Amino acid sequence: MISRILSITTLVCLLFAWSSGAAVAERRIALVIGNSAYKNVTPLPNPAHDAAAISGMLKKAGFEVVLSETDLGNVHMRRTLRAFARKALHADMAVVYYAGHGIEVDGTNYLIPVDAKLASDLDVEDETISLNRIVRILEPVRRLRLIILDACRENPFSRTMTRSIATRSIGRGLARVEVTTTDTLIAFAAKAGMTAADGNGAHSPYTAALLDNLTVPGLDLRIALGRVRDEVMKETGDRQEPYYYGSIGGSTVTLVPKPKAVAKPRPSVDVLAHDDYEFAERIGSREAWDYFLEKHKSGFYAKLARAARDKIAATEKRQQRAAEAEQKAQAAAEAKRQAALKAAAQAAETKHQAALQAAARKAAEEAAKRQAAARKAAAEAAKRQAAEQARLRAAEQARLKAEAEAKRLAEEQARLREKLAAATHPKQAPIVVASAPTAAPDTAKRDIAPAIGPADIARLLKLHLKRVGCDPGVVDGQWTRQSQRALRQFNKRTHASLDVKVASLNALDIVKQHKDRVCPLQCRKGYKAEDDRCVAVACRHGYVRNKHGDCERKIRSAERPARRKAAAPAAKPRARKCTTHDPGALQSFQWNCPW
């Protein structure tokens, strides 16, 4: 133990001597500025604290902090930079840290003093400090030039600043820089065109990361800045990405060199066992203790190693039992889950089968309904066909009867005319004329030829018009306007061109040639045409049709007023008519019976 203490003391002395020699060998200076108390815009809480912390860190790292200033105005800031420029003439390594507001105008970056007003873009060059000026100040430094800017905050003057030229750009954060001098790095708190957060803690996220990584002994400056980037992105949720511009050589460049190793005296066996025990304890696995016991089979540390190994074995057994119990629980849970899934699948299958059966029943019912409807439709079609055949037979019988009656009437009229002619013109004795022997037969034929008058032609024509469905009115020997309308309707339906003003034998012959109905059936009020006949339209429940064809409310027997029974008037004798009549039709076949 005493030898170990002596070794540690020797190492500390050697490190102190090396660091003192390194400090004498090269000169490292730093300039730290933090602007918080801005007079014309909202102050920043953290830059002053950040500058103080960075100044302390650099002092501990062996830097000569030439100037550490806060809340500098325009004039004071320019004087500070001039003073630092004189110190940088003989320096090997220089670091400039600035925290506060910055602005980018037309691609050039500027640092803003606390008393800047920036009412116009023309005031930028007078009231701010250009980043290029700081780069030029560091040009005499021999080994490393590092500029750190925690100034990529949102521009506070963008809303109030007027522009003298409309095309002049004033961007967010700072602009990308082109570093022309070697061994120079310019580190931004945020990438070009992005803004940096001021932070809610004692320091901004960027400065906090610099304090953790920048002065780690022996850590290359580029790796340190990379760690700063990772830490800031993790802290801000990738919203802020630090960035640096410039380049340095391929050798390792550190702000704090790594202490040189000092040869240690060979320790005793107990010291070696103690060191090995510490390494094995740091690893803490069974294999590490087994390696230790292979090398150190006896002694105090060997007993401790065996106890630690037994403790690990007991812990592993407990963990194994717990794992087995957990596996059993998982297996039971999985079995339960599988059973639940199987039961759910069976229930779903049962439900599906029930749905299929219900669908089959419904389909069978619909099929039965369709079959019944088809049978009903077939029966109705057969019924309509039978009714149509019966109607056709009735129409044919009526037509034949009408033709026979018309023929009989014509023959009867011919006989009557022959009798009338015989009575009017008695037979004369035959006269024999030698010069004209052939005249007697013609004269006899003309005397006995039957004659038909206009009234008979009109009666017959009206009869046949009524037969084909064109209503001429009352069938008599008068040729009326209604008769003319009937013949005009016949012309329209058959595309004929008969003269409608008189009843002619030509019209009679043409109308007689049509055997079927020509004019459509016209039903009176309360009836509708169906299958070439008029059918009464049914009234709704509680109503009956009167003699005028209207539906009126049915009067119950109790509501009917008492009426006196009047004696029926004596029936007047009327001429006998022969009529074929449809009760709902406007037309009817009617003529004077000849018998």
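The values are calculated or read from the model by the stated rules, or taken from the named source; none is laboratory data. The shown structure was predicted, so the numbers you read here are calculated from the model rather than taken from an experiment. So basically every Cβ, Gly included, is an ideal-geometry build from the backbone, and we count neighbours across all protein chains shown.
For this structure, a couple of remarks:
- Just one of the listed residues (149, 211) is in a helix (DSSP H, G or I) and hydrophobic (A, V, I, L, M, F, W, C), and it is 211.
- Of all residues in the stretch 185-203, those being buried (at least 19 other Cβ atoms within 10 Å of the Cβ) and in contact with a His (Cβ under 9 Å, 6 or more places away or on another chain) number 1.
- Meeting the requirement of 2 or more residues that are among the hydrophobic types (A, V, I, L, M, F, W, C) and at pLDDT below 85, the strands (runs of 3 or more DSSP E) wholly within the stretch 438-552 are 534-536.
- Identity of the residue in the stretch 204-227, polar (S, T, N, Q) and surrounded by fewer than 23 Cβ atoms within 10 Å (Cβ to Cβ), that ends up farthest from the chain's Cα centre (by Cα): 215
- The set of residues in the stretch 1-47 that are loosely packed, with under 14 Cβ neighbours inside 10 Å, part of a helix (DSSP H, G or I) and at pLDDT 90 or above is empty.
- Candidates in the stretch 195-221 are the residues that are touching a strand residue (DSSP E or B) at 6+ places or on another chain (Cβ under 8 Å) and without any contact (Cβ under 8 Å) to a residue 60 or more places away in the chain; of these, the one that is nearest to residue 102 (Cα to Cα) is 196.
- Within the stretch 48-79, the set of residues being small (Gly, Ala, Ser) and part of a strand (DSSP E or B) comprises 68 only.
- Residue 172 of a type outside the set (Ser, Thr, Tyr), at pLDDT below 85 and under 45 Å from the mean Cα position of the chain (by Cα): yes
- Among the residues of the stretch 124-135, those that are assigned to a helix (DSSP H, G or I) and either under 12 Å from residue 103 (Cα atoms) or touching a Leu at 6+ places or on another chain (Cβ under 6 Å) (or both) comprise 124, 125, 127, 131.
- Residue within the stretch 497-514 that is more than 30 Å from residue 380 (Cα to Cα) and touching a His at 6+ places or on another chain (Cβ under 6 Å) present: yes
- Against the list (1) surrounded by 15 or more Cβ atoms within 10 Å (Cβ to Cβ); (2) on the phi < 0 side of the Ramachandran plot; (3) out of contact with any helix residue (DSSP H, G or I) (no Cβ under 6 Å at 6 or more places or on another chain), the condition residue 92 fails is (1).
Here is a yes/no grid of residues against (1) within 15 Å of residue 155 (Cα to Cα); (2) free of Cβ contacts under 8 Å to residues at least 24 places away in the same chain; (3) touching a Gly at 6+ places or on another chain (Cβ under 8 Å):
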position	(1), (2), (3)
64	no, no, no
69	no, no, yes
75	no, yes, no
106	yes, no, no
113	yes, no, yes
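- Of 297, 303, 311, all but one fail to be out of contact with any strand residue (DSSP E or B) (no Cβ under 6 Å at 6 or more places or on another chain), part of a loop (DSSP other than H, G, I, E, B), charged (D, E, K, R) and under 26 Å from residue 273 (Cα atoms); the exception is 297.
- Residue check for residue 504: small (Gly, Ala, Ser), more than 60 Å from the chain's Cα centre (by Cα) and farther than 21 Å from residue 414 by Cα: no
- Selected residue (criterion: surrounded by the fewest Cβ atoms within 10 Å (Cβ to Cβ)) from residues of the stretch 51-89 that are of a type in the set (Val, Ile, Thr) and over 60 Å from the mean Cα position of the chain (by Cα): 75
- Within the stretch 147-154, at least one residue is among the β-branched types (Val, Ile, Thr), crowded, with 22+ Cβ neighbours inside 10 Å and in the same structural domain as residue 237 (by TED's automatic domain parsing).
- Taking residues in the stretch 85-102 that are within 22 Å of residue 221 (Cβ to Cβ), and partners anywhere that are surrounded by fewer than 17 Cβ atoms within 10 Å (Cβ to Cβ), the pairs with Cβ atoms closer than 6 Å and at least 6 places apart or on different chains are 88/140; 92/26; 92/142; 92/143; 93/143.
- Qualifying residue in the stretch 235-254 (condition: among the aliphatic types (A, V, I, L, M), out of contact with any His (no Cβ under 9 Å at 6 or more places or on another chain) and either under 30 Å from residue 136 (Cβ atoms) or assigned to a loop (DSSP other than H, G, I, E, B) (or both)): yes
- Flag if residue 139 is under 18 Å from residue 183 (Cβ atoms), surrounded by fewer than 22 Cβ atoms within 10 Å (Cβ to Cβ), free of Cβ contacts under 8 Å to residues at least 60 places away in the same chain and of a type outside the set (Phe, Trp, Tyr): yes
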